[in-house]
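The values are calculated or read from the model by the stated rules, or taken from the named source; none is laboratory data. Everything numeric in this text was worked out from a predicted model, so none of it was measured. We place every Cβ from the backbone using ideal geometry, glycine too, and count neighbours over all the protein chains shown.
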Amino acid sequence: MSKNIKPFMGKTILIIDDDSRNIFALSAVLRAKGFHCLTATGITEAFSCLNSGDPIAVILMDMMMPEMDGYEAIPKIRSFEQWKNIPIIAVTAQAMSGDKEKCLLAGADGYVSKPVDINLLMDIIAQFI
């Protein structure tokens, strides 16, 4: 492991992904690292989580969702003053040339492709916590 988990203990991550298998896998790994995980399968559910009062340290955003994709959802989240500074990491199966730049242009603070390299994800998260 590249980082000590103590800085992550009790921090809340919101995982937004329409695939329950991805949510399950990411949640399991992140909980083992000390995170509290909230999950949403779409942007409507994500807004409920954001409004829950739980302080969100980081959002992991699937970029390809049917209701509203991450490219639309990130600017929508950023439009609210109370959430505009929450780090958002794009998590996507889109790993072609230019996809990282497209995610960052949409407002993501970081990018990781699927299948997720957990060590890389933890290094990215550590930049923001």
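Descriptive notes on the structure:
- Enumeration of residues in the range 97-113 that are crowded, with 18+ Cβ neighbours inside 10 Å and part of a loop (DSSP other than H, G, I, E, B): A106, G107, A108, D109
- Considering the range 26-38, and only residues there that are surrounded by fewer than 16 Cβ atoms within 10 Å (Cβ to Cβ), in a helix (DSSP H, G or I) and of a type outside the set (K, R), the residue that is farthest from the chain's Cα centre (by Cα) turns out to be A32.
- Only one entry of Q82, Q94 meets the criterion of being modelled with pLDDT under 95, closer than 21 Å to A40 by Cα and surrounded by fewer than 13 Cβ atoms within 10 Å (Cβ to Cβ), and that entry is Q82.
- Some residue of the range 70-92 being in contact with a Lys or Arg (Cβ under 8 Å, 6 or more places away or on another chain), assigned to a loop (DSSP other than H, G, I, E, B) and not aromatic (F, W, Y): yes
- Qualifying residue in the range 39-52 (condition: touching a Leu at 6+ places or on another chain (Cβ under 6 Å), surrounded by fewer than 20 Cβ atoms within 10 Å (Cβ to Cβ) and either assigned to a strand (DSSP E or B) or touching a residue at least 12 places away in the same chain (Cβ under 8 Å) (or both)): yes
- In the range 119-129, the qualifying residues are those that are surrounded by fewer than 17 Cβ atoms within 10 Å (Cβ to Cβ) and in contact with a helix residue (DSSP H, G or I) (Cβ under 9 Å, 6 or more places away or on another chain), and the one that is nearest to T12 (Cα to Cα) is I129.
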